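The values are calculated or read from the model by the stated rules, or taken from the named source; none is laboratory data. Here the structure is a predicted model, which is why all the values come from computation and not from measurement. As a convention, Cβ positions derive from the backbone with ideal geometry for all residues, glycine included, and neighbour counts pool all protein chains shown. Protein only, heavy atoms only, side chains kept; ligands, DNA and RNA dropped before computing areas. Shrake-Rupley method; radii C 1.70, N 1.55, O 1.52, S 1.80 Å.
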Amino acid sequence: MAKLAVFASGTGSNFAAIADFLSRPEAQRHTIVCLVTDRLDAKVVSKAASRNIPVVAVRYISRAAAEDLIIQELEKYQPDLIALAGFMRILSTDFVDRYSTRILNIHPSLLPRHAGLNAIQQSYAAGDQELGITIHYVDHGLDSGPVLLQRCFARTSDDTEAKVERRIHKLEHEYYPQVIHKLLDDIDAERNSLDAKQFTRED
Ligand code: GAR
């Protein structure tokens with residue numbers, strides 16, 4: 001079993017897709033231990049509550065104070081992996097270093113194009129002929145870090161921004177849960193092999 005914390009501030013459609021995927025029989029051994037949000041009024045909060053997933057809500061009076069609180073809470077939940085799913089706060093370098101290589105992000109563009117806010121609108125307005133998503137590890141930059149997966153589609157002549165947005169979300173909901181599931185499986189397998197080694201006697 002491996003434990004996931006999801007950080008989100010918005011509608012929570014990715015959060016719901018991840019939670020639903022992890023409740024499938026083949027993924028049920030992994031758990032979402034908590035949702036971390038900076039917005040108690042965000043729709044994602046009710047999606048967590050209806051699934052009985054604990055919510056850690058932090059007010060960003062200052063980033064340092066908010067992150068101290070998040071760290072305290074994560075000490076309780078001990079996640080193996082953190083997935084940002086529309087968490088609209090930039091994490092400090094100290095925070096990223098603390099959970100180094102264990103934080104993932106999803107972004108609705110083909111990075112490095114259109115990092116930052118409103119990436120779908122930016123991609124559409126720029127006339128990009130290929131649009132898509134990026135799932136990547138988080139480093140100290142804005143929407144940067146080693147890429148785990150990108151998926152794209154070609155723009156069609158009758159695409160509107162709303163259609164493009166729907167296609168992007170469809171890709172996000174299909175691939176982010178799969179990538180997370182695979183990483184949780186890998187973490188679990190590595191832990192089991194370490195446990196097995198501890199009990200191997202050499203006579
Ligand atoms: C998603 O499209 C995600 O890629 C984006 O926020 C949206 C959250 O939607 N993230 C970023 O732009 C990160 N820079 P959701 O709340 O419905 O999951």
Problem - Extreme residue, positive dipole direction of the chain, given options Ala16, Leu194, Gly127 (C-beta unit charges) - result: Ala16
Handout entry: Average Cα contact separation per residue, the chain, under 8 Å, 6 or more apart, as relative contact order %
Key = 22
Practice task
Could you state how much accessible area Glu67 has, in square angstrom rounded to the nearest 10, with a 1.4 Å probe and all protein chains kept in place?
Solution key: 10
Exercise for the section: Quick one: check the C-alpha center-to-center distance for the stretch 1-66 versus the stretch 125-203, whole angstrom. Expected result: 17
Completion exercise
Expected max-MSF residue from Glu161, Glu190, Glu172 in the GNM of the chain (alpha carbon, under 10 Å) is Glu190
Problem - Distance-filtered residues of the stretch 14-41 - backbone nitrogen under 16 Å, label point 7 angstrom along Gln198 Cα→Cβ - result: none
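For the chain, which whole percent of the accessible surface, found with a 1.4 angstrom probe, sits on carbon and sulfur atoms? Don't skip to the end; give the middle numbers.
Numbers: 5520 of 10820 Å².
With neighbouring chains kept in place, the figure for the chain is 51 percent.
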Exercise for the section: Straight distance only, please: which lysines reach the Cα of Lys43 with their own Cα at less than 19 Å, same-chain residues fewer than 8 apart left out? Expected result: Lys170
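Fully extended, how many nm does the chain gain between Ala126 and Asp158 (0.36 nm per residue separation, minus their Cα-Cα distance)? List each step's numbers first, then the result.
Values: separation 32, 0.36 × 32 = 11.52 nm, distance 1.59 nm.
Contour length minus Cα-Cα distance gives 9.9 nm.
Provide the per residue accessible area, probe 1.4 Å, for the chain, rounded to a whole number of square angstrom. Please report the intermediate quantities before stating the final value.
Numbers: 10820 Å² over 203 residues.
Here the per-residue accessible area is 53 Å².
Within 10 Å, at most 12 other Cβ atoms, and a DSSP state outside H, G, I, E, B define an exposed site. Report the longest part of the chain free of exposed trypsin sites (Lys or Arg not before Pro). Before the final figure, lay out each step's value.
On the way: sites that count: Arg29, Arg59, Arg201.
Excluding the exposed sites themselves, the longest stretch runs over 60-200.
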Exercise for the section: Check the straight Cα-Cα distances from Lys163 and name the aspartates and glutamates below 16 Å, setting aside those fewer than 8 residues away within the same chain. Expected result: Asp128, Glu130, Glu172
Exercise for the section: Calculate for the chain the 222 nm mean residue ellipticity that helices alone would give, adding -39,500 (n - 2.57) per DSSP H run of length 4 or more and normalising by residue count, nearest 500 deg cm²/dmol. Expected result: -13500 deg cm²/dmol
